[in-house]
Each structure stands twice: as C-alpha cells, then as structure tokens.
1. Output the residue which, of all residues in the stretch 86-137 that are at pLDDT 95 or above, of a type in the set (Val, Ile, Thr) and open to solvent by less than 10 Å² (accessible area, probe 1.4 Å), is farthest from Met212 (Cα to Cα).
2. Looking only at the stretch 16-58, count every residue that is touching a residue at least 60 places away in the same chain (Cβ under 8 Å) and among the β-branched types (Val, Ile, Thr) and tell me the total.
3. Condition first: closer than 30 Å to Glu186 by Cα and without any contact (Cβ under 8 Å) to a residue 60 or more places away in the chain. Now tell me which residues in the stretch 145-172 satisfy that.
4. Report yes if some residue within the stretch 114-133 is over 26 Å from Val72 (Cβ atoms) and in contact with a helix residue (DSSP H, G or I) (Cβ under 7 Å, 6 or more places away or on another chain); otherwise report no.
5. Among the residues in the stretch 139-152, are any surrounded by 14 or more Cβ atoms within 10 Å (Cβ to Cβ) and among the hydroxyl-bearing types (Ser, Thr, Tyr)?
6. Have a look at Lys59, Lys66 and point out the one that is in a strand (DSSP E or B) and either out of contact with any Pro (no Cβ under 8 Å at 6 or more places or on another chain) or open to solvent by 20 Å² or more (accessible area, probe 1.4 Å) (or both).
7. Can you tell me which residue in the stretch 187-205 is nearest to the chain's Cα centre (by Cα), limited to those that are modelled with pLDDT under 95 and over 18 Å from Arg262 (Cα atoms)?
8. So for the stretch 226-239 (the condition being closer than 25 Å to Asp115 by Cβ, touching a helix residue (DSSP H, G or I) at 6+ places or on another chain (Cβ under 9 Å) and touching a residue at least 40 places away in the same chain (Cβ under 8 Å)), does at least one residue qualify?
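The values are calculated or read from the model by the stated rules, or taken from the named source; none is laboratory data. Computed from a prediction, not measured in an experiment: that's the story for all the values here. Ideal geometry is used to build each Cβ from the backbone, glycine not excepted, and the neighbour counts take in all protein chains shown. For the accessible areas, the whole protein counts, side chains as well, though only heavy atoms, and no ligand, DNA or RNA atoms are used. Shrake-Rupley method; radii C 1.70, N 1.55, O 1.52, S 1.80 Å.
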Amino acid sequence: MKADIIVPTFNQEDHTIRCFDSLKEHTDNYRLIWADDGSTEESREKVSKVVECHSEVVKLWSSSNKGFIKNVNNALTFATKVSRPEDTKLIVLLNNDVILTEGWLDRFRRIFINDDMLHAVGPITSECSSWQSFLNASHVTHGFKIPHNFVSHSANERAKILANHYSDLMMPCRMLAFFCTAFRREVFDSLGLLDERFELGYGDDDDFALRMNNASMKLGVSFGSYVHHVHRGTFGTIYTPEEIKAIQAKQHERFEAKHGERARVV
C-alpha cells in the first residue's frame, strides 16, 4: 500500500524539517506532498535543503497564504485527481509539528489489511488536549491503559512500549484528529474534500469524521501506534491563547449550525 503523505506548512521551518527527517527515517513506500501556504522564501529554502533526500516529493507551493483548509484541499485534489488509484492506496494527513516513530505507517497498513471495513486510522499521541493523547485515551476508549513508567521515556521508546503492549490492536471511534491520520483513498473519492467554511482549522476534522460516520465508514485508533505531536506548534506562534479559544468557539458554532449537534468522540 503506497501512501501519499500530505504535509501542510506555513513557515515554522524548524518543525517541518524535524517532521520530514522523522518521516524519512521511519517510513517507506510513500510520496511526500509538501503543501506550503505562502511561507517566506527563506523558510522554503531551509526546508528545501533537506526535502530532496526523500525519494519522491511533490511541491505544491502557494504564492500567498490561502488558509489551512484550502491548502490541504489543494493537496487532496492533487492526490485524488492527478494521481492514479492503482499507484496510491492510502492518503495521510500529517501536521508539520509531528515527530514520527518506527513502524508507524507499517502498522497502519497492517490494520487496514486486517480490517476491510476500516476507512481511517490514527495513533496515540503525546501530552496535549486531544482525546488521542495517552493521558486522555484511557478515559475515552475501552481497553487502553498507560503502561508503567511510560511518561519517562522518549518518543521512540514510547512507540516501542505501545507496540509491545498492543501490537496491531485497533479500537473503533467516531472521531479522529487529523494531525496524523491515514485514509483509504476512496474516502475522498466518495465524500469529497474538507469543508472550507472551517477556514483556519479546528472543526474540520470533527466535520469530516461525522460525514464518514453518516456514510457508514469506520474509523479507529491504533493503540500500538505512537507519534509525538507538538500541539499547536504552528497555531500557537500565530495566535494568542485567547484568540485560539475564540476561534475554537466559532468553529463549534459552525459545526452545530451545520449538523445540529456537538462533535463526539464515541
């Protein structure tokens, strides 16, 4: 299963370089789609120095900042309309503030192979507000427990611990945060793109997950997969905490206005 891995960026080249380095180290059989949304020339030059080490790279660069969702949708359009389905079976949405670990995509592939009904899968992640954080997952899903002394280990060590504890175990869920989510290509062929009314992000993943739920598409979280997420690594440099709260509140309003309910994880 070859994967198109879409990484949207806007400056924050240190995060991007670290993400791309971890991608190169821990991943095979993929094409990197670098979707840059109007970063400075200096920022792009720094990333360009390291990105060429990847065997297959597509650069989708915008001359101005169009906004997060439009940037992702541009990359999704390329991946679903330009690429041939026989070439790429999986599409991964990956934030640039993520650090990948050994075996992350191989485990996703095995989970898809083992479950023909599964349409999207995401990992357990680091300390943050997401329900997929190891700190929160045990309170939301059945069966996940934090391994002994887990917190004291590095990202790669944590990944090995979860892999040993849970292997390819997957728990169904209603919603995944799209900081690191793998989809079967046909999900986007069937449902289309992310809803651009969510503009900057926040709520777009809740919305798309609910659209998948309504189409009887199955989502799951992989207990044996771990990636490190520098939560709000880009957003936090652009907006203040107060501004982020205001954006989140507005997106909740948009979600409820569209669907008549609040987003749910389970």
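1. The selected residue is Thr101.
2. Here the count works out to 2.
3. Within the stretch 145-172, Tyr166, Ser167, Leu169, Met170, Met171, Pro172 qualify.
4. We begin by selecting, within the stretch 114-133, every residue over 26 Å from Val72 (Cβ atoms); these are 114, 116.
Subsequent filtering for residues that are in contact with a helix residue (DSSP H, G or I) (Cβ under 7 Å, 6 or more places away or on another chain) retains none.
Scanning the stretch 114-133, I find no residue that is over 26 Å from Val72 (Cβ atoms) and in contact with a helix residue (DSSP H, G or I) (Cβ under 7 Å, 6 or more places away or on another chain), so the answer is no.
5. From the stretch 139-152, those surrounded by 14 or more Cβ atoms within 10 Å (Cβ to Cβ) are 140-141, 144, 146-147, 150; that's our starting set.
From what's left, among the hydroxyl-bearing types (Ser, Thr, Tyr): 141.
Within the stretch 139-152 (the criterion being surrounded by 14 or more Cβ atoms within 10 Å (Cβ to Cβ) and among the hydroxyl-bearing types (Ser, Thr, Tyr)), the answer is yes, since at least one residue qualifies.
6. On the way: Lys66 fails: in a strand (DSSP E or B).
From the options Lys59, Lys66, the qualifying one is Lys59.
7. Step one: list which residues in the stretch 187-205 are modelled with pLDDT under 95, which gives 189, 195-205.
If we keep only those that are over 18 Å from Arg262 (Cα atoms) too, we end up with 189, 196, 199-200.
Working: Asp189: 18, Glu196: 17, Glu199: 17, Leu200: 15 Å.
Here the answer is Leu200.
8. yes
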